[in-house]
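Asker: One structure, pasted below without further comment.
Nothing in this text is a laboratory measurement; each read-out follows from the coordinates by a stated rule. Remember, it's a predicted structure, so these values are computed and weren't measured experimentally. Quick reminder, even Gly has a Cβ in these numbers, built from the backbone with ideal geometry, and neighbours come from all protein chains shown.
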Amino acid sequence: MNDLANSTMTTTSPPKRIDFNTPELQRKRRIRALKDRLTRWYVLVGGLAVLAAITLIFFFLAYVVLPLFQGADLTAKDSITPAWMQDAGKPLMIAIEEQNQVAMRVSDKGQALFYELDSGAELRRVDLPVPAGATVVSIAEDQPGSPLVAIGLSNGQALVFRHTYKVSYPDGKKTISPAIEYPYGEAPIALNEQGAPLEHVSLNATDSTLLLAGSSGAQLYVLSLTSEENMMTGEVTSEQTRIDLPQMTEPVKNIFVDPRQQWLYVVNGRAQADVFSLRDKSLNGRYKLLENGEAQVTAAAQLVGGISLIIGDSKGGLAQWFMARDPDGELRFKQIRTFQMGSAPIVEISAEERRKGFVALDAAGKLGVFHSTAHRTLLVDQVVDGQGLFGLSPRANRLIVEQGGKLQPLTLENPHPEVSWSALWSKVWYENYDEPKYVWQSTAANTDFEPKLSLSPLTFGTLKAAFYAMLLAAPLAVAAAIYTAYFMAPGMRRKVKPVIELMEAMPTVILGFFAGLFLAPYVEGHLPGIFSLLMLLPIGILVAGFTFSRLPESIRLRVPDGWESALLIPVILFVGWLSLYMSPYMETWFFGGDMRMWISHDLGITYDQRNALVVGLAMGFAVIPNIYSIAEDAVFSVPRGLTLGSLALGATPWQTMTRVVILTASPGIFSALMIGMGRAVGETMIVLMATGNTPVMEMNLFEGLRTLAANVAVEMPESEVGGSHYRVLFLSALVLLLFTFVMNTLAELIRQRLRKKYSSL
Amino acid sequence: MKQNSLKGWFKSGAPGVWISGGAVSIAVIMTIGLLAVIAVRGLGHFWPADLIHASYNVPGLPAHLVVGEVVQKEEVPRERLKSAGLPVPDEGPEFMTRELIKVGNRDLNGTDFTWIVGDWLTNQTTPPELMAIERREWGNFYGYLVNVKEGGKVIAEGEAAWPQLQARVQRVNQLAAELKTLEKVDIGAINAGLERIRLHGRKLELDGKLDAAAQADLESERAELNARYKDIEARLADLHAQFNRDSLTARDANGKEVEIEIGKVVHAYQPNGMGTFTKMGFYFSKVWEFLSDDPREANTEGGIFPAIFGTVMMTLIMAMIVTPFGVLAAVYLREYARQGTMTRLIRIAVNNLAGVPAIVYGVFGLGFFVYVLGGSVDRLFFPEALPAPTFGTPGLLWASLTLALLAVPVVIVATEEGLARIPRTVREGSLALGATKAETLWKIVLPMASPAMMTGMILAVARAAGEVAPLMLVGVVKLAPSLPLDGNYPYLHLDQKIMHLGFHIYDVGFQSPNVEAARPLVYATALLLVLVIATLNLSAVWIRNHLREKYKALDS
């Protein structure tokens, strides 16, 4: 041994040592190591960046949605004590013009004073043509957004004027020159002919008619001024008509005219409102405004559009009221919703000009920002100490409060007051509606339209579509998966599975177009056939199966095991042909020739051509491959030992299937259903094309629907970037994202657990 | 005995087997049936069907002649026709046929299609001289050729007119091609040049560098372009005059004579006189026209080439973005990240993103890519074009990016699967021989996983090509004025809006004013889209199977 070793040692020449540490190789190694590190970093950064980009979707959607739920933000600037304040008298009203540069203040001295909003510097002073000896006792503005103002004088007369602002650019600098105009003449209009002071006034102007109302004590005076332009001569003739209404018993506190000049609301006494119909000049009713007997009404205002009244009381409560139809069909003044600000009496309420929001000030100097429809209290903040008067800018982003001889300018940031949790998901009582409802109506043709952004009908539509789709897809896909995985001959399985799975890749736009253009009219024309098909198919299959089992063995044995579905293809085709062929006959025999007419007339069910049935069929078809593929995997991977054991114990294949295989694979099947549901919920094109996209909340199989996804696809391109509608659409996308993400994650976790369980078996 | 056996049969559980077997058959029948309906309707559209000439006698009304092509026939209960207000006799068969006839002549009749009761059609013939004219506007014309005129003078009548007409239609089509080149390419280039000069001037102005010299420079460039435009305009006028030289007179079913300019005619053919082979030739030329032509008449006629081109461009750009990033993320997850709960969660999340509704990606694409990214790009790089947005509006780039985001999970999952299939031994062998991890990755792992990446990419392309909902938000329009790739600098217009096959289907099928006329075209487009996507998917399946076979050998 030793010799041998020695001899080998001696015969071979000593191996030539390679120097691995030459500078060249060292450098090369360093470069390789550097490259390795670089690759590591590159992959790390790149990979994480891709993953981050994916998660960015969620955060970006949330980032866009978030401002919806933030309240308002009020920023106070330094208060100003302008010089003109000394001799300006008591303020009655403050208004701000569109550009937020000029404010107007009307005082009890009958003077309109314009000043710069930011500095408080006086711009112009206009003495209103108040007759000598008379003083201003009351003031009223027309609807929010209209620059018309009426003042009530101590001699029973009223004066109507308008404040206007002309924008010009002398020397390239923007200048706003305010002015006062008198569209109904400079002479005051006598409202109370007895000459008693007009303690309250109200006005409403349409193109042709000015309605002026005033009160002295419990006496009510209403005057209608109609001006007509003669078509031939262009001469304007005006006509005064006195409207006589039943008189009050208690002193009047507030008068409001509805802009369609149909109703006159008179708040009087401690806390009651009399509503008069101006059309038939009668009392509609007397309503108690406050439940609390000690409280009384201290302020009131009309919201933009003039339909709603906001009533503020001495306990700091605010309530929205409007006329709505009773179940008996009568219009009644109803309390819609209430707000609470503080405990001090509300002294002033001012409505926004573009939205159904309003701002209120109480006697303690607290300012509250509210939105009526969304039922939101966006902000309550102390702005001054003590009772004051404020003006709100047309865009509702600037405020100025006058109190104790000082001006307090404020900026208000309140971008999305109209959206709230309750507005999105609960029933909301909108103006002109007789009861609270779920409504999605984001845009309309008229201008004083309030967007109705309830996601409930859309969510309902989404779930309805998904439900009908699952009704078709779940049994079909699961049964097919079970058969393919467990009973089907392996050769056939290899062919059938890819065919069904190929459907998963089918563009949904094709299914949608097929459903909308082919299926919808076809179903409409063959309704009895479709329903009898659904009923006859299982019966036909069973009959075929039973007949097959009765066949002589020589024939039966020729068909290998697991070929039942191949045998059934002609049977199903025959049953399908038969039901569709029989469809017109059944229609004639049972439904008087037209089942669609029968459904809508005899059953009284609305029938849309593109309805939930069509969506169910088309979308069911779309989700079958998703469910099928996962459920099939779950059933197929049930360990062989379990089924063989069961079969060995004498169970029939079907018993093994129901008692062993399905039970074991049930989590997998369940997760398949969840994934199918997720897909059905998020599907866009099919619903977009196969339904009429009407946002209704009806479970009716024959009515259309609108889903969240389709709604986004339809409305997103038209929505204003950054607006509430835009953000609500983002919210619906976020809801979809979260819903499907949660569904899929749950399904995935269940599947992973199942896989672990199988591997231990 | 029999009842017993039925009971026994039920007890054996065989019904369950049959029912579930039936479910498979139903699924397969539905799949194949859908494809068959689309294929039949899509392919049938191009066939020059026979035209009928018949007399239509509605009871109680004077008979009139109908000429056209029967598009659809159905049996309808008599009651339903009656309730639709037709003067159906009280006695008669229970069912009547109703036929949808394409009568064309929209300029005369107001509609292209009319439903008639088949039982009231009499004296139905298919005269061989009946002709169909496909026009550039107003849809098809059906009638008889009377004469052909050149410059208002009749040059051929009766029998002789037909060959004359054919020759002239051919000439007009050549002229039309020339006109199109002039209008699209030459004038397009001039317009692009003018716009570039305008933007350049504006940019100089913004930078405060617009002095007299620069202005003169721009002016001279502009003048040169305008001169070129004058040239082309003259040529255009000349071509137009030539184009409108000829006309034909045709007689419609009821004997009314109409003059049609040959410049408006795309094809004139007499289907009843064509043999099967002529029809086949015509058929394939129509199919080719469908694939290669621009759409006409609000997309309801003509071809879909811009939509094919837009789809291809968008998917190509998407594939170029999605593949490297998807692979990078997969390599990180599988090769570099420490395997644990975190990676498991990430994997689940990535997997699930594939199930997130496509419209959500569209919303994200619009909000983030278009408004946030695009808006910033515009402010930084294209201030001269503002307030008109360049990238701050939906366009090709954003559509591709959105779809890339949508498809990246597909690539990640497929690549990861491929990486997981590579046996550990291969990696360990490489490392044991002294290769660094990076070298193993580049030289061993990635080449071996390349088929998987390929699969992922193909699946991503298939998914992206069929997705429509997000595109509606981020860059697809019903009619794009020009292709995103042309001869004008910068050649590839990433900011341009594109047409897309899927959106074309939605738009033509649902937003078109003349749905009935557009329907066959929609079927044909759908068929094309299905074929493309099926091919992509099948090739992905094939590659995957191939790959599995390959590594089976390695495993053992």
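Asker: Using each residue's phi in the range A:632-638, evaluate 6.51 cos²θ - 1.76 cosθ + 1.60 at θ = phi - 60° and report the 3J(HN,Hα) Karplus result to the nearest Hz, with x for Gly and Pro.
Answerer: My calculation for the range A:632-638 gives 5, 4, 5, 5, 5, 8, 5 Hz in order.
Asker: Cβ under 14 Å from B:GLY273's Cβ, B:GLY273 left aside: what net charge do those residues give with Lys, Arg +1 and Asp, Glu -1?
Answerer: Numbers: positive: B:LYS279; negative: B:ASP50, B:GLU129, B:GLU159.
Spelling it out: positives minus negatives among the neighbours equals -2.
Asker: Name the residue from A:LEU519, A:LEU533, A:GLY723 whose Cα lies farthest towards the positive end of the charge dipole of the range A:463-760, charges +1 on Cβ of Lys and Arg and -1 on Cβ of Asp and Glu.
Answerer: Most positive-ward Cα: A:LEU533.
Asker: Also, quick follow-up: Using alpha carbon centroids, what distance separates the range A:434-492 and the range B:14-36, in Å?
Answerer: Centre-to-centre distance over Cα atoms comes out at 24 Å.
Asker: Do any trypsin sites (Lys or Arg not before Pro) in the range A:278-349 lie in a DSSP loop with no more than 16 other beta carbon atoms within 10 Å, and if so, which?
Answerer: Numbers: sites: A:ARG279, A:LYS281, A:ARG286, A:LYS288, A:LYS315, A:ARG325, A:ARG332, A:LYS334, A:ARG337; in loops: A:ARG279, A:LYS281, A:LYS315.
Filter output for the range A:278-349: A:ARG279, A:LYS281.
Asker: Under 17 Å Cα-Cα from B:LYS73, which lysines qualify once same-chain neighbours fewer than 8 residues away are excluded?
Answerer: B:LYS102
Asker: Quick check: from the Cα gyration tensor, does the range B:143-269 come out rounded (a/c under 1.5), prolate or oblate?
Answerer: Taking the square roots of the gyration eigenvalues as a ≥ b ≥ c, the range B:143-269 is prolate.
Asker: May I pose another question? What does the C-alpha gyration tensor say about the overall shape of chain B? Classify as rounded when a/c is under 1.5, otherwise prolate if a/b is larger than b/c, or oblate.
Answerer: Oblate is the answer for chain B, as a/c is 1.5 or above yet b/c matches or exceeds a/b.
Asker: Just give me a number: lysine pairs in the range B:305-555, eight or more positions apart or cross-chain, with C-alpha atoms less than 26 Å apart. Write down the numbers at each step before the final one.
Answerer: Details: B:LYS437/B:LYS550; B:LYS437/B:LYS552; B:LYS443/B:LYS550; B:LYS443/B:LYS552; B:LYS478/B:LYS497.
Count of close lysine pairs: 5.
Asker: Filter the cross-link list A:LYS77/A:LYS406; A:LYS253/A:LYS315; B:LYS184/B:LYS230; B:LYS180/B:LYS264; A:LYS77/A:LYS173 down to pairs whose alpha-carbon distance in this structure exceeds 20 Å.
Answerer: Long pairs (Cα-Cα over 20 Å): A:LYS77/A:LYS173.
Asker: Using 20 Å as the cut-off for backbone N distance, which residues of the range B:58-74 belong to the label zone defined by a point 7 Å from the Cα of B:ASN123 along Cα→Cβ?
Answerer: Answer for this model: B:58-70.
Asker: For an R0 of 35 angstrom, estimate the FRET efficiency from the Cβ-Cβ distance between B:LEU206 and B:ALA298 and round to the nearest 0.05. Mind dumping the intermediate values first?
Answerer: Values: r = 40 Å, r/R0 = 1.14.
That gives a FRET efficiency of 0.30.
Asker: Moving on to the next point. Suppose every Lys and Arg Cβ carries +1 and every Asp and Glu Cβ carries -1, with no other charges. What dipole size does chain B come out with about its Cα centre, to the nearest 20 debye?
Answerer: Rounded to the nearest 20 debye, it is 2660 debye.
Asker: If you place +1 on the Cβ of every Lys and Arg, -1 on the Cβ of every Asp and Glu, and leave all else neutral, what size is the dipole of the protein assembly as shown about its Cα centre, to the nearest 20 Debye?
Answerer: I would put it at about 7080 debye.
Asker: Within chain B, which is the longest segment containing none of the GluC sites (Glu not before Pro) that sit in a DSSP loop and have at most 14 other Cβ atoms within 10 Å?
Answerer: Working: sites that count: B:GLU91, B:GLU94, B:GLU129, B:GLU137.
My reading of the result: B:138-556 is the longest stretch.
Asker: Also, quick follow-up: Report the net charge of residues surrounding A:PRO417, where surrounding means a beta-carbon distance below 10 angstrom and charges are Lys +1, Arg +1, Asp -1, Glu -1.
Answerer: Numbers: positive: A:ARG355, A:LYS356, A:ARG376; negative: A:GLU352, A:GLU418.
Overall, the nearby charge balance is +1.
Asker: May I pose another question? Around A:THR249, what is the net charge, scoring Lys/Arg as +1 and Asp/Glu as -1 over all other residues with Cβ under 14 Å from its Cβ?
Answerer: +1
Asker: Per residue of the range B:10-20, in order, report the coupling 6.51 cos²θ - 1.76 cosθ + 1.60 (Karplus, θ = phi - 60°) as ³J(HN,Hα) in whole Hz, putting x for Gly and Pro.
Answerer: Rounded to whole hertz, the list is 5, 5, 5, x, 4, x, x, 4, 5, 4, 5.
Asker: Where the centre of each part is set by its Cα atoms, how far does the range A:47-75 sit from the range A:594-621, in angstrom?
Answerer: Value for the Cα centre distance between the two parts: 41 Å.
Asker: Can you classify the protein assembly as shown as rounded, prolate or oblate using the Cα gyration tensor, where a ≥ b ≥ c are the square roots of its eigenvalues, rounded means a/c under 1.5, and otherwise it's prolate if a/b beats b/c and oblate if not?
Answerer: Note, shape of the protein assembly as shown comes out prolate.
Asker: Which one of A:ILE627, B:PRO423, B:LEU108 is farthest out on the positive end of the charge dipole of the protein assembly as shown, using unit charges on Cβ (Lys, Arg +1; Asp, Glu -1) and the Cα centre as origin?
Answerer: Result: B:PRO423, furthest along the dipole toward the positive end.
Asker: Please identify the longest segment of chain B free of exposed trypsin sites (Lys or Arg not before Pro), where exposed means a DSSP state other than H, G, I, E or B and no more than 16 other Cβ atoms within 10 Å. Present the calculation step by step, with values, prior to reporting the outcome.
Answerer: Numbers: sites that count: B:ARG136, B:LYS209, B:LYS256, B:ARG338.
Excluding the exposed sites themselves, the longest stretch runs over B:339-556.
Asker: With point charges of +1 on the Cβ of Lys and Arg and -1 on the Cβ of Asp and Glu, referenced to the Cα centre of the protein assembly as shown, which listed residue (A:LEU471, B:ASN147, B:ILE26) lies farthest in the positive direction of the dipole?
Answerer: Ranked along the dipole, the leading option is B:ILE26.
Asker: Using alpha-carbon positions, what is the distance between the centroids of the range B:89-126 and the range A:325-377, in Å?
Answerer: First find each Cα centre; the distance between them is then 64 Å.
Asker: Also, quick follow-up: Using r as the Cβ-Cβ distance of B:ALA63 and A:ILE605, and R0 as 56 Å, what FRET efficiency do you calculate, to the nearest 0.05?
Answerer: My answer for the efficiency is 0.85.
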